[in-house]
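Just below is one structure, and these are the notes that go with it.
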Amino acid sequence: MAVVLQRLALQERSIVSCDNMTSSLKRTRNDSSSSCDSSDSISFAMTKRLKSDLDQVYVVTKVEIHKYFSILEDPFIYDFLVSDSCFLYSDKYLLAMVFAYFKRAKLTEKEYTRLNFFAALFLANDMEEDEEDFKFEILPWALGSDWKKKVPSFLQLRDKIWARMSYRAIVSSRCCEEVMSMEPSHWAWFRERATHHAGAVRSYVRDVDYCEPRGPHETPRGPCDQCSALQLIREVVNNDDEPDNSWYLSSSSDDESSLGGTISSEESDMIPPNTRFDMKGLKQTLNENSLHCDWHPED
């Protein structure tokens, strides 16, 4: 009997709560605007909360960024980056995304490893690249010669890193630039992909081994003709920017301070004795001989 009464009481409470809900949902025409205002305020609060959850600020220490640079400067990783001569799957933005993934996943310093680097770089290619076949070059470098058997476990590692960052794998260009601004002179941030490599390439235009993974035990694929030309232009421009190690001598005889002018006593004292470069009297000799010419063209 007591059980029956408890059930009835629960039913009455549910009925009362339902009545309160229906009465609260009923609105007259006069207070319709107030309901709209309240709903708008609730939606604004929810969007503001979501935005605050997404726009998290991560504090980066020098130890973390230098630890990441040590991975890039690892001989094996460095050889991998060198093999990507056209920066197709490891340009500066993808490398910046990898560091952003490390921060979002809250990896410890011990977890800054080669394998985690390759897994995060593979995920970055999944998120950003239109041409997805180039990323398969990562697999033989990360997994070794028998990489085809280890692909499932590698993809599980990628998904674990993805899950640790709450599946927030989209990185804005602003975030990448902020990462690069921490050490703007580092060589990794000069790996800029050429514009002719933008977008995807149709299958009938590709070469036979266009995206065939080669790995560390085979000859890396060299740069394309356009990238080779651009690299040559960069080298010429960089050589022009270097300070010139040559000097110019003036041939004018009007300026007494020029090289052919009269040498002062102080300058003559600076010339060592018995030198071949004694310039005394050279101005007068040049002026006298310059007016005479013993050579005549043949008729």
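The values are calculated or read from the model by the stated rules, or taken from the named source; none is laboratory data. Remember, predicted model here, so these are calculated numbers, not experimental data. Note that we place each Cβ from the backbone using ideal geometry, even for glycine, and neighbour counts take in every protein chain shown. To get the accessible areas, we keep the full protein, side chains included, count just its heavy atoms, and leave off ligands, DNA and RNA. Shrake-Rupley method; radii C 1.70, N 1.55, O 1.52, S 1.80 Å.
Answer yes or no: is there a residue in the stretch 63-78 that is of a type outside the set (A, V, I, L, M, F, W, C) and touching an Asp or Glu at 6+ places or on another chain (Cβ under 6 Å). Even if it seems obvious, please write down each step before you answer.
Keep residues of the stretch 63-78 that are of a type outside the set (A, V, I, L, M, F, W, C), which gives 64, 66-68, 70, 73-75, 78.
Remaining after also requiring touching an Asp or Glu at 6+ places or on another chain (Cβ under 6 Å): 67.
Yes, the stretch 63-78 contains at least one residue that is of a type outside the set (A, V, I, L, M, F, W, C) and touching an Asp or Glu at 6+ places or on another chain (Cβ under 6 Å).
Where the second residue is open to solvent by 30 Å² or more (accessible area, probe 1.4 Å) and outside any helix (DSSP H, G or I) and the first is modelled with pLDDT of 90 or more and among the aliphatic types (A, V, I, L, M) and lies in the stretch 81-92, which pairs have Cβ atoms under 9 Å and are six or more apart or on separate chains?
Final answer for the pair search is Leu81/Phe87; Val82/Pro220.
Condition first: in contact (Cβ under 8 Å) with a residue 40 or more places away in the chain, of a type outside the set (A, V, I, L, M, F, W, C) and open to solvent by 40 Å² or more (accessible area, probe 1.4 Å). Now tell me which residues in the stretch 178-195 satisfy that.
Of all residues in the stretch 178-195, those in contact (Cβ under 8 Å) with a residue 40 or more places away in the chain come to 179-180, 182-183, 186, 188-194.
Then drop every residue that is not of a type outside the set (A, V, I, L, M, F, W, C), which leaves 183, 186, 191-193.
Listed by number, the residues that qualify are Glu183, Glu192, Arg193.
Since Glu73 meets every condition but one in (1) farther than 14 Å from Trp189 by Cα; (2) surrounded by fewer than 20 Cβ atoms within 10 Å (Cβ to Cβ); (3) of a type outside the set (A, V, I, L, M, F, W, C), which condition does it not meet?
All conditions are met except number (1).
Take the stretch 140-172 and flag every residue that is free of Cβ contacts under 8 Å to residues at least 12 places away in the same chain, among the charged types (D, E, K, R) and not in a helix (DSSP H, G or I).
The one that is free of Cβ contacts under 8 Å to residues at least 12 places away in the same chain, among the charged types (D, E, K, R) and not in a helix (DSSP H, G or I): Asp146.
Among the residues of the stretch 96-125, write down those that are closer than 18 Å to Asp79 by Cα and open to solvent by 20 Å² or more (accessible area, probe 1.4 Å).
Thr113, Arg114, Leu115, Asn116
Say whether the condition of being open to solvent by 70 Å² or more (accessible area, probe 1.4 Å) and of a type in the set (A, V, I, L, M, F, W, C) is met by at least one residue in the stretch 142-160.
Within the stretch 142-160, none of the residues are open to solvent by 70 Å² or more (accessible area, probe 1.4 Å) and of a type in the set (A, V, I, L, M, F, W, C).
Only residues that are open to solvent by 70 Å² or more (accessible area, probe 1.4 Å) and either within 19 Å of the chain's Cα centre (by Cα) or of a type in the set (S, T, N, Q) (or both): list them for the stretch 126-141, please.
Of the residues in the stretch 126-141, the ones open to solvent by 70 Å² or more (accessible area, probe 1.4 Å) are 128, 130, 132, 136.
Once the filter is applied, which keeps residues that are open to solvent by 70 Å² or more (accessible area, probe 1.4 Å) and either within 19 Å of the chain's Cα centre (by Cα) or of a type in the set (S, T, N, Q) (or both), the stretch 126-141 yields Glu128, Asp130, Glu132.
Restricting to the stretch 81-95, name every residue that is open to solvent by 10 Å² or more (accessible area, probe 1.4 Å), touching a helix residue (DSSP H, G or I) at 6+ places or on another chain (Cβ under 8 Å) and within 18 Å of Ala142 (Cβ to Cβ).
Ser83, Leu88, Tyr89
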